[in-house]
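Have a look at the structure below, then the notes.
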Amino acid sequence: MIATETRIAFLEQKGVFGSVVESFNYNRISALEMTKGLIFAEMAITSGIATQRVQWIPKFQLTRFVQLVQGMLDEPNGGVTTARRHEVPPEETSADLEPTFGIQMERLTQLRVKGILTDEEFEALARRLGLL
C-alpha cells in the first residue's frame, strides 16, 4: 500500500512472475472504512460502485495509513497538499516494527522501476519518509 499526493496504489505479488496493481485517485474515492481485529485489520475503499477490500494488514500499519489517506481525502483540492495535518506523530508509532532505511528505499525503487510510481511520486514519498 502506498499513499502518494494524488492516489492510493496497491501492489500484490502473484506468484513468481507477476503482480497485481490497483490504483485509486483521491477525487474518485467515495468511502474509506477500516475494521479492526485483535492484531490485523481490513480496509474497504469504495470508488463509484466498486469496493476493493484489503485484508490481513497489521493493525498499527493500517491505522496510520487510513489516517493519512483520510487526511488527503479531507483536502479541498483532491488530495494534493503540502501540509500533512493528519499524519500520526512519530511518538505514536512502533519504531521496532518500522522498516529500515534500506528496506524503505529498496521498496520505493522497485515501485519506480516497475512503473507503479512516477519519478515525481517517488521523490515526494522519499522526502516524506526522510529518505532524501
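So the values come out like this:
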quantity: Extension gain (nm, one decimal) between Ser30 and Arg127, 0.36 nm per residue minus Cα-Cα; calculated: 32.1 nm
quantity: Full-extension gain in nm, Gln61 to Thr46, via 0.36 nm per residue minus C-alpha separation; calculated: 3.4 nm
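Quick note: the coordinates plus some simple rules give every number you see, no bench work behind them. Values in this document were obtained by computation on a predicted structure and should not be read as measured data.
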